[in-house]
Amino acid sequence: MSPVITCALLGCGTGIGLWMVAVHLFPPKPALGVVLARATAPPPVPDPGDTGWAARLGRPAVAPLRALGLPGARLTRDLAVIGRSSSAHLAEKAVFAVAGLLLPALLTMLLALCGADPGAGFPLLCGLLLAVVGFVLPDLRARALASRLREDFRHALSAYLDLVWITVAGGAGVDSALGGAVAVGRGWAFERIRRALDTSRLTRTAPWTPLRELGEELDVVELVELAASVSLVGTEGAKVRSSLAAKASAMRNRQVIEAERQAQAATERMSLPVVLLLLGFLAFIAHPAVTQVLNGL
């Protein structure tokens, strides 16, 4: 096989691999109906860690990875948000790393059968690189998904705060306002808050304690602040209506600012393809003139 065909095959394989990695890291935006259905769906049930082909194949590597201190505290909170067990996540990391390590070796064997000899350095270097990418890829995916879910939770919490302070303004107590407001909403965020309040009622503890624990578990600072505000009412008799109204207004303003920032970032990203298109058009127009000048020299 000629070197040109070998380079073409290697280039095609590298391009397909990079495209698959890019699609996995930056998936296309779902349709509006899918987003609404996901927002009103019940909360995901954490898997036990032994379901799925990746979890079954990578199960022997879970204990060694745990001995290395994986996953970290931040990643553990992200897994708690997306409802995924750490065992399944570590097994998936191990499977992806082994697959990335063996994929260049398989490609080298196929090229050897076709008569090409890319050498021993190609499968070794590419295997190590793909193994690192496969080991890190589940972490990046989990963090991106957890970030989106936290943003959805903040939107739901903003609506919940509005309902709570309106109920308090109507003359209800704080405990009844918390329970009545959460009964109105739907979605996984309201379900998590409802479970925390049910836990406080069944264990006969103050409602701000499970709310604070939920905020720390999900790494949502706004929920921890809400629990602190409610605790002041129960312990010191502070007036919470104005505090909740101000907090809800601040959360809405922050969400508007974040939406505007994302829109501006998307607009700036769109300028790069336009510039590349313009440069390509200029090159297409200038190519005949440049060719004539070079041929005349």
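The values are calculated or read from the model by the stated rules, or taken from the named source; none is laboratory data. Quick caveat: nothing in here was measured; it's all calculated off a predicted structure. Note: ideal-geometry Cβ built from the backbone for every residue, glycine included; neighbour counts use all protein chains shown. Accessible surface is based on the protein model in full, side chains and every heavy atom, while ligands, DNA and RNA are left aside. Shrake-Rupley method; radii C 1.70, N 1.55, O 1.52, S 1.80 Å.
What FRET efficiency would be calculated for the residue pair Arg269, Asp152, taking the C-beta separation as r and a Förster radius of 22 Å, to the nearest 0.05?
On the way: r = 23 Å, r/R0 = 1.03.
About 0.45, to the nearest 0.05.
Starting from the Cα of Leu32, step 7 Å along the direction of its Cβ; do the same at Ala99; then give the gap between the two resulting points in nm.
So the label points at Leu32 and Ala99 sit 3.5 nm apart.
Determine the gain in length on full extension of the stretch Cys12-Ala112; use 0.36 nm per residue of separation and subtract their C-alpha separation, reporting nm with one decimal.
34.3 nm
Starting from 0.36 nm per residue, how many nanometres of slack lie between Gln262 and Ala183 once their C-alpha separation is accounted for? Let's see the in-between values first.
Values: separation 79, 0.36 × 79 = 28.44 nm, distance 3.19 nm.
Answer, rounded to one decimal: 25.3 nm.
Carbon and sulfur together cover what percent of the accessible area of the chain at a 1.4 Å probe radius?
Details: 12610 of 18340 Å².
After summing per-atom areas, the C and S share lands at 69 percent.
Using the alpha-carbon centroid of each, what span in Å lies between region 121-184 and region 76-93?
Taking the Cα centre of each part, region 121-184 and region 76-93 sit 14 Å apart.
Modelling each spin label as a point 7 Å along the Cα-to-Cβ direction, I'd like the Thr205/His287 distance in nm, to one decimal.
Here the modelled spin labels are 7.0 nm apart.
Compute the length gained on full extension between Ala250 and Leu276: take 0.36 nm times their separation in residues and subtract their Cα-Cα distance, giving the result in nm to one decimal.
Working: separation 26, 0.36 × 26 = 9.36 nm, distance 4.03 nm.
Full extension of this stretch gives 5.3 nm more.
For region 154-270, taking Cα atoms only, what is the radius of gyration to one decimal and the Dmax to the nearest whole Å?
Rg, Dmax (Cα atoms, Å): 15.3, 54.
Divide, for region 49-99, the radius of gyration over alpha carbons by 2.2 N^0.38 Å, where N is the residue count.
Working: Rg = 10.2 Å, N = 51, 2.2 N^0.38 = 9.8 Å.
So region 49-99 has a normalised radius of gyration of 1.04.
Tell me which label goes with the value of Cα extents along the principal axes in Å computed from the coordinates here: (i) 64, 52, 28; (ii) 70, 46, 37; (iii) 88, 56, 31.
Correct label is (iii).
Under a 1.4 Å probe, what is the accessible area of the chain per residue, stated in Å²? Show your work: numbers first, answer last.
Working: 18340 Å² over 297 residues.
I get 62 Å² per residue for the chain.
Which helices, counted as full DSSP H runs in the chain, have an axial Cα extent of no less than 30 Å and a Kyte-Doolittle average of 0.5 or above?
On the way: long enough: 3-25 (33 Å, 1.68); 86-113 (40 Å, 1.61); 121-169 (71 Å, 0.94); 241-296 (83 Å, 0.36).
Span-like helices here: 3-25, 86-113, 121-169.
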